[in-house]
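Notes follow the structure.
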2 protein chains.
Amino acid sequence: MITRLPEADLPFPATAVKTSVLQSEHGQLVFFQILDDVDIPAHSHKAQWGTVLEGQVELTIGGETRMYGPGSAYYIAPGVVHSARAPAGAKVIDFFEEPDRYKLR
Amino acid sequence: MITRLPEADLPFPATAVKTSVLQSEHGQLVFFQILDDVDIPAHSHKAQWGTVLEGQVELTIGGETRMYGPGSAYYIAPGVVHSARAPAGAKVIDFFEEPDRYKLR
């Protein structure tokens with residue numbers, strides 16, 4: 001049901017990250033399924049909230065690095081620089097304030 | 001950011017359950033924030049997937065009762081009867097196959 005949703009057009013090959021996007025005029029929610037270890041370089045945008053479903057994801061938010069496991073959640077305020085290291089097997093949900101955070105594939 | 005989303009029109013007072021809905025033609029995703037203990041009687045509909053963010057929620061799915069805590073997820077196949085007991089303080093995300101599972105308030 002979830003994997004039938006449209007995919008985000010990410011700067012990663014589809015073999016590394018599988019995405020499933022639910023989008024309305026109020027924001028964009030993305031289910032991320034990490035298939036191969038990925039490093040997401042430092043960047044910033046409008047507000048983002050996320051939670052980890054499976055695996056351990058390392059997030060650096062505003063210079064502070066922490067591991068996030070299943071059941072933990074994070075909020076990234078607008079404009080705050082953040083980066084991530086996500087190992088194969090991780091599953092994450094992110095909700096973005098911007099309805100057009102990612103283009104769809 | 002999330003609590004600014006539209007609310008679902010539930011058969012519970014807004015003082016018991018706060019909802020935030022993201023909806024597209026592919027489905028409806030609802031953030032549930034339980035403010036007062038609620039019992040959701042047995043019912044069924046199209047497929048549902050959910051995960052618990054905070055608190056412990058008791059779900060009975062197809063006759064099997066289990067507690068779900070932060071980081072756990074569940075899938076309810078189409079037509080399978082289910083009910084829930086959610087205590088005050090619980091936070092859950094549910095994704096429904098039906099884009100119109102709930103009307104908006």
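The values are calculated or read from the model by the stated rules, or taken from the named source; none is laboratory data. Predicted, not measured: the structure shown is a model, and the values here were computed from it. Cβ placement follows ideal geometry from the backbone for every residue including glycine, while neighbour counts extend to all protein chains displayed. Heads up: the accessible areas ignore ligands, DNA and RNA and are worked out on the full protein's heavy atoms, side chains in. Shrake-Rupley method; radii C 1.70, N 1.55, O 1.52, S 1.80 Å.
Sort shortest first the distances from A:ARG85 to its counterpart in every other copy, using label points 7 Å along the Cα-to-beta-carbon line, and give them in nm.
4.4
Averaged per residue, what accessible area in Å² does chain A show with a 1.4 Å probe, protein chains only?
48 Å²
Take the solvent-accessible surface of the protein heavy atoms, probe 1.4 Å, and return the percent of it on the range B:3-54 that carbon and sulfur atoms account for.
51 percent
Tell me which A residue has its C-beta closest to the axis rotating A onto B, and the distance in Å?
A:GLY71, 2
Applying 1/(1 + (r/R0)^6) with R0 = 41 Å to the Cβ-Cβ distance of A:ASP36 and A:TYR75, what FRET efficiency is obtained, to the nearest 0.05?
Calculated value: 0.90.
List the lysines whose Cα sits under 21 Å from the Cα of A:LYS91, skipping any in the same chain fewer than 8 residues away.
Answer for A:LYS91, where 21 Å is the Cα cut-off: A:LYS18, A:LYS103, B:LYS91, listed by chain and number.
Just to confirm the numbers: A:SER44, label point 7 angstrom along the Cα-Cβ line, distances to the other copies in nm, shortest first?
A:SER44 label point versus its equivalents elsewhere: 5.2 nm.
Please report, for A:LYS103, the nm distances (one decimal) from its label point, 7 Å out from Cα along the beta-carbon direction, to the equivalent points in the remaining copies, shortest first.
Nearest to farthest, the other copies are at 3.9 nm.
Sort B:GLU58, A:GLU98 by accessible area with a 1.4 Å probe, largest first.
In descending accessible area the options line up as B:GLU58, A:GLU98.
For the range B:15-58, compute Rh as the Kirkwood radius over C-alpha pairs and then the Stokes-Einstein diffusion coefficient at 20 °C and 1.002 mPa s; write the answer in µm²/s, rounded to an integer.
Roughly 173 µm²/s, to the nearest whole number.
When the convex hull of the Cα atoms of the protein assembly as shown is projected onto a plane and the area is averaged over all directions, what value comes out in nm²?
10.9 nm²
When the dipole is taken about the Cα centre of the protein assembly as shown, and only Lys, Arg (+1) and Asp, Glu (-1) are charged at their Cβ, what size is it in debye, to the nearest 20?
Result for the protein assembly as shown is approximately 40 debye, rounded to the nearest 20.
I want to verify the translational diffusion coefficient of chain A in µm²/s; compute it with Stokes-Einstein, Rh as the Kirkwood radius over Cα pairs, at 25 °C and 0.890 mPa s.
In µm²/s, the coefficient rounds to 179.
Compute the distance in nm between two label points, each set 7 Å from the Cα along the Cα-to-Cβ direction, one at A:SER83 and one at B:ALA14.
For the pair A:SER83/B:ALA14, the computed spacing is 4.4 nm.
Heavy-atom accessible area of B:ILE76 with all protein chains present, probe 1.4 Å, nearest 10 Å²?
Using a 1.4 Å probe on the heavy atoms, I get roughly 0 Å².
In square angstrom and rounded to 100, what buried accessible area do you get between chains B and A, total over both, with the probe at 1.4 Å?
Counting protein atoms only, the buried area is about 1900 Å².
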